[in-house]
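The values are calculated or read from the model by the stated rules, or taken from the named source; none is laboratory data. Note that the structure is a prediction, hence the values are computed from the model and not measured. So basically every Cβ, Gly included, is an ideal-geometry build from the backbone, and we count neighbours across all protein chains shown.
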Amino acid sequence: MPGFLYHDVSFKRSGRKGWVFAKGEVSNNTAKNYQTAAFRFSLFAKDKIVWTGMFKIRGLRKGQTKPFEFHLDGLDYREIPTISKQEIFFESGY
């Protein structure tokens, strides 16, 4: 399947302030090597967006799978059980 595939996406709470991190893996199934690839990540509770932002992966070669982990700034960890859907889209790369 061409494009990007996303695997094992999960959320974890960290620190006393209850920071939330998303982590998982991205597979590059395109025919292109990327020095930097940027992805849009959105979370929904029912039909409402509760968080959206970007993350980048550097050095993502064609055929390669790399892990990612980033802070969901401003998302309260108590919202995690209400998440009904997540969307990840490739935004740009070079």
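Points to keep in mind about this one:
- Boolean, SER42 is polar (S, T, N, Q), in contact with a Leu (Cβ under 6 Å, 6 or more places away or on another chain) and within 28 Å of TYR94 (Cβ to Cβ): no
- Cross-chain or 6+ apart pairs with Cβ under 9 Å, region 15-33 first and touching a residue at least 12 places away in the same chain (Cβ under 8 Å) and closer than 15 Å to LYS66 by Cα, then surrounded by 14 or more Cβ atoms within 10 Å (Cβ to Cβ) and among the basic types (Lys, Arg): GLU25/LYS66; VAL26/LYS66; SER27/LYS66; ASN28/LYS66
- Every pair of residues 6+ apart whose Cβ atoms lie under 7 Å, when the first sits in region 66-94 and is touching a residue at least 12 places away in the same chain (Cβ under 8 Å) while the second is basic (Lys, Arg) and outside any strand (DSSP E or B): SER84/LYS46
- Top-ranked residue of region 46-59 - restricted to ones that are over 17 Å from PHE21 (Cα atoms) and touching a residue at least 12 places away in the same chain (Cβ under 8 Å), ranked as surrounded by the most Cβ atoms within 10 Å (Cβ to Cβ): GLY59
- Just so you know, in region 7-40 the residues that are closer than 21 Å to THR82 by Cβ and surrounded by 14 or more Cβ atoms within 10 Å (Cβ to Cβ) include one that is modelled with the lowest pLDDT, and it is TRP19.
- Members of region 63-75 that are exposed (fewer than 12 other Cβ atoms within 10 Å of the Cβ) and over 12 Å from the mean Cα position of the chain (by Cα): GLY63, ASP73, GLY74
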